[in-house]
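Please read the structure below before turning to the comments.
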């Protein structure tokens, strides 16, 4: 079994108009910049994929990554917990102009909805957001004397993720806090696409060290020396 | 009227954190609490994005942008640190594993309701982990100026701003007092020595319960 693909274009094949995409990363840590930019390249060349729903903790920063996707006009809806950043212009302008939709989800609820999607659990109850505006319209229930809010699973057509180490079977490790949502998203998407800084042969990752087992991964593309979103922001990089 | 600086409020809150406690500090002002741990005590700090036992920011130029806190500031990993994904991180939060969460606030009500995520419908709403953090920690404390910039009470009968959580706050460290929330009431524990109870009540938006013994709120010059 070999899940590696030869180039970024092959890695993102099959991502189509109107799809829901999970994109790993919290701020700049774990953002799969090369995969995102490959998607922007395809959109620039072919006009597809557009009308995307993107699930990420944030809603882009500066003029690269998810912010550049939004600037390019590929994104119709963001599902996130914190659509602010050091330079949130791309999302803010479109949101205030009514050109992009927002589903605001508390961060832990976002994580658990994605986890549930990958684990085959359609709904769960959480104390988070009970009695607040973000629970409006959601069923609530009392358990052991305390009130909880029903939340539904989140699933995606595809996930774009960044790993540190992958073997050709799709087993993954991550780097420091770049792990964040990626192990959850890997399981919650039909097509899980991973860019890894290094790709090794099976057996080269100690099974004790595997964070995401390969069963959750569809494709692996080697991207040595990946760009780091925060480092790009700090030098004022713009992709478009 | 004299009042505590933000650093002094953070210092006072830090005195109640026990050695070895697992602690989450909200982004911004609450992060300052970490600076004032009493000598001989070391808390273990949790950040929502997946680190336990992170330490101070590295020197400029030494940042590793894969090693950041929830405020997206570069941090360091202390010996004994752990990395984990977001579902584990919020299991720590909601599952009752944190000893203390310390948050900033716009308003806190006498029944423990907290409003700290939204000032109303204008602009782009953002919530992050605030609504999760107010559930699960054994103690949920807020640190805050006692009044707003234009002098209105931040400790109120009922919050007027959108809620972060219902009946979740257990203690308030303000620029004038330390107040517990018990049985839906503000119970005064400490106040600045130079201030009368009447003066404190006048800038508090709900009735203070005054126990037999109220301590002086004493902090160092910082």
### Task
Could you tell me whether segment A:112-130 includes any residue that is crowded, with 23+ Cβ neighbours inside 10 Å, away from chain B (no Cβ under 11 Å) and assigned to a loop (DSSP other than H, G, I, E, B)?
no
### Query
Going by the structure shown, is residue A:175 buried (at least 24 other Cβ atoms within 10 Å of the Cβ), touching a residue at least 12 places away in the same chain (Cβ under 8 Å), over 21 Å from residue A:53 (Cα atoms) and facing chain B (nearest Cβ under 10 Å)?
no
### Message
Which numbered condition in (1) assigned to a loop (DSSP other than H, G, I, E, B); (2) within 13 Å of another protein chain (Cβ to nearest Cβ) is the only one that residue B:39 fails?
### Response
(2)
### Query
Quick one: residue A:133 ticks every box in (1) in contact with a strand residue (DSSP E or B) (Cβ under 8 Å, 6 or more places away or on another chain); (2) within 9 Å of chain B (Cβ to nearest Cβ) bar one, so which box is it?
(1)
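Looking at this structure, is residue B:10 out of contact with any helix residue (DSSP H, G or I) (no Cβ under 8 Å at 6 or more places or on another chain) and crowded, with 17+ Cβ neighbours inside 10 Å? Break it down into steps so the answer makes sense when it comes.
On the way: out of contact with any helix residue (DSSP H, G or I) (no Cβ under 8 Å at 6 or more places or on another chain): no; crowded, with 17+ Cβ neighbours inside 10 Å: yes.
Answer is no for this residue.
Considering only segment A:92-108, how many residues are more than 7 Å from chain B (Cβ to nearest Cβ) and either surrounded by 15 or more Cβ atoms within 10 Å (Cβ to Cβ) or more than 25 Å from residue A:123 (Cβ to Cβ) (or both)?
So the answer is 9.
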### Task
Please determine, by comparing only the residues of segment A:149-172 that are within 15 Å of the chain's Cα centre (by Cα) and part of a strand (DSSP E or B), which one is nearest to the other protein chains (Cβ to nearest Cβ).
A:162
### Query
In segment B:131-150, which residue that is out of contact with any strand residue (DSSP E or B) (no Cβ under 7 Å at 6 or more places or on another chain) and within 12 Å of chain A (Cβ to nearest Cβ) is modelled with the highest pLDDT?
B:132
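The values are calculated or read from the model by the stated rules, or taken from the named source; none is laboratory data. What you see is a predicted model; the values in this text were computed from it and never measured. Glycine also receives a Cβ, built like all others from the backbone with ideal geometry; neighbour counts cover every protein chain displayed.
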